[in-house]
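Student: First the structure, then my questions, so here it is.
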Amino acid sequence: MAQSVIRVFPDLERLSREAAEQFVRLAQQQAHEGCRFSVALAGGSTPRRLYELLASEPYRSRAPWECVDVFWTDERCVPPDHPDSNFRMANETLLSRVLVPADHLHRIPAEQRDPASAAMAYERILRACFQAPDDVVPELDLVVLGLGEDGHTASLFPRSPALHEANRLVIATAGGVPNLQRVSLTIPVLTHAKALMWLVAGEQKATTVRAVLEGPKRPEELPAQMVTPRRGAALWLLDRAAASLLNRSCPSCI
Ligand code: 6PG
């Protein structure tokens with residue numbers, strides 16, 4: 001994958017500490033430039049430790065929380081207090097412990113009965129926050145992404161029609177573990193991000209990491225391959241186990 005910077009860490013803890021450093025650095029940089037830092041948080045389990053670190057010292061007091069706008073890359077179609085809710089996980093680990101202004105928390109209203117309506121509602125929220133007309137794709141300052149063993153990211157799953165959505169910002173999808181209806185940002189939003197940071201850990205991801213980063217282009221089978229930044233390079237933070245099948249030498253291995 002051409003536009004990737006790969007950094008490998010001994011374990012999830014040190015991977016997460018680097019991710020927290022990146023988050024704080026980008027947030028402080030944006031705060032100096034006008035006090036609005038927009039970040040879309042990933043769901044799943046890998047980013048949990050990052051969120052816990054951001055809610056604790058030294059990161060908690062270093063981040064300009066009053067300037068942060070929080071979005072989500074995707075959400076399961078469950079209530080916000082459901083154990084499978086990405087909002088609940090981020091709220092428990094981070095957002096309930098830092099002073100992000102309430103009107104800066106932009107939750108995906110995925111509990112609505114109709115996921116397509118929830119997707120349209122979130123698209124309106126995104127466009128309003130960025131004052132983006134219909135022909136403009138909002139540029140989030142940072143998008144945090146995970147990688148599924150099947151090569152999905154956010155809730156964009158292999159062979160899904162959602163992979164080809166070129167105009168909408170948000171779309172209803174289904175799949176994953178747990179296999180649920182979901183609401184996800186679309187590829188255009190992810191690729192327009194000013195910074196993309198992938199967090200991938202665990203031996204069970206090693207085959208997929210190699211396929212996505214070093215294998216042939218198979219975007220239908222490996223949606224993560226479609227998320228290439230329009231500018232700059234994506235940052236991949238891997239633990240040694242997830243990076244164990246990569247061929248390239250890792251000069252930045254730590
Ligand atoms: C979700 C996530 C999803 C996740 C990957 C990896 O809602 O499930 O957004 O894209 O990042 O499935 O999940 P783990 O971090 O739990 O391995």
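Student: At 0.890 mPa s and 25 °C, plugging the Kirkwood radius over alpha-carbon pairs of the stretch 1-116 into Stokes-Einstein gives what diffusion coefficient in µm²/s? Could the numbers behind the result be given before it?
Tutor: Details: Rh = 15.0 Å.
The estimated diffusion coefficient comes to 163 µm²/s.
Student: Using θ = phi - 60° and the Karplus form 6.51 cos²θ - 1.76 cosθ + 1.60, what ³J(HN,Hα) does each residue of the stretch 184-201 get, whole Hz, x for Gly and Pro?
Tutor: Whole-Hz 3J(HN,Hα) from phi for the stretch 184-201: 9, 5, 8, 3, x, 5, 5, 6, 7, 4, 6, 9, 10, 10, 9, 10, 9, 9.
Student: In addition: Which three extents, in whole angstrom, do the alpha-carbon atoms of the stretch 105-242 cover along their principal axes, largest first?
Tutor: 40, 33, 27
Student: May I pose another question? What net charge do the residues around Asp150 carry, taking every other residue with its C-beta under 11 Å from that of Asp150, with Lys and Arg at +1 and Asp and Glu at -1?
Tutor: Here the charged neighbours net out to 0.
Student: By the gyration tensor of its Cα atoms, with a ≥ b ≥ c the square roots of the eigenvalues, what is the shape of the chain: rounded for a/c under 1.5, prolate for a/b over b/c, or oblate?
Tutor: It is rounded, given that a/c, with a ≥ b ≥ c, falls under 1.5.
Student: Between the DSSP loop rule and a limit of at most 10 other Cβ atoms within 10 Å, which trypsin sites (Lys or Arg not before Pro) in the stretch 113-152 are left?
Tutor: Qualifying residues, ordered by number: Arg113.
Student: Further, regarding this structure: Picking from Met226, Ala121, Ser85, whose Cα lies most toward the positive end of the charge dipole for the chain (charges on Cβ: Lys, Arg +1; Asp, Glu -1)?
Tutor: Farthest towards the positive pole: Met226.
Student: For the stretch 119-172, what is the relative contact order in percent, using Cα pairs closer than 8 Å and at least 6 residues apart in sequence?
Tutor: Working: 33 pairs, mean separation 19.6, N = 54.
Computed over the stretch 119-172, the figure is 36 percent.
Student: Binning every alpha carbon pair distance of the stretch 19-87 at 5 Å from zero, what are the percents per bin?
Tutor: Over the stretch 19-87, the share of Cα pairs per 5 Å bin runs 3, 17, 23, 24, 17, 11, 4, 1 percent.
Student: Same structure, new question: Local charge sum around Leu50 (other residues, Cβ-Cβ under 11 Å, Lys/Arg +1, Asp/Glu -1)? Kindly include the intermediate steps, with their values, before the conclusion.
Tutor: Numbers: positive: Arg17, Arg48, Arg49; negative: Glu13, Glu18, Glu21, Glu52.
Net charge in that neighbourhood comes out at -1.
Student: Please order Cys77, Cys35, Cys129 by the number of other Cβ within 10 Å, starting at the fewest.
Tutor: The fewest-first ordering by Cβ neighbours comes to Cys35, Cys129, Cys77.
Student: Return, for the Cα atoms of the stretch 154-226, the radius of gyration and Dmax in Å, separated by a comma.
Tutor: Rg, Dmax (Cα atoms, Å): 12.6, 36.
Student: Please arrange Ser61, Ser16, Ser244 by counting, for each residue, the other beta carbons lying within 10 Å of its beta carbon, fewest first.
Tutor: Ser61, Ser244, Ser16
Student: For the chain, what relative contact order do you get, as a whole percent, if you take Cα pairs closer than 8 Å and at least 6 residues apart?
Tutor: 25 percent
Student: Skipping prolines and chain starts, which residues have an amide H placed within reach, meaning under 5 Å, of the one on Ala174, given they are 5 or more residues away or on another chain?
Tutor: For Ala174, whose amide H was placed from the backbone, the distant partners under 5 Å are Arg182.
No value in this document is a laboratory result; all are computed from the given coordinates. All figures in this text were calculated on a predicted structure; none of them were measured in a lab. No Cβ is skipped: glycine too gets one built from the backbone with ideal geometry, and neighbour counts run over all protein chains shown.
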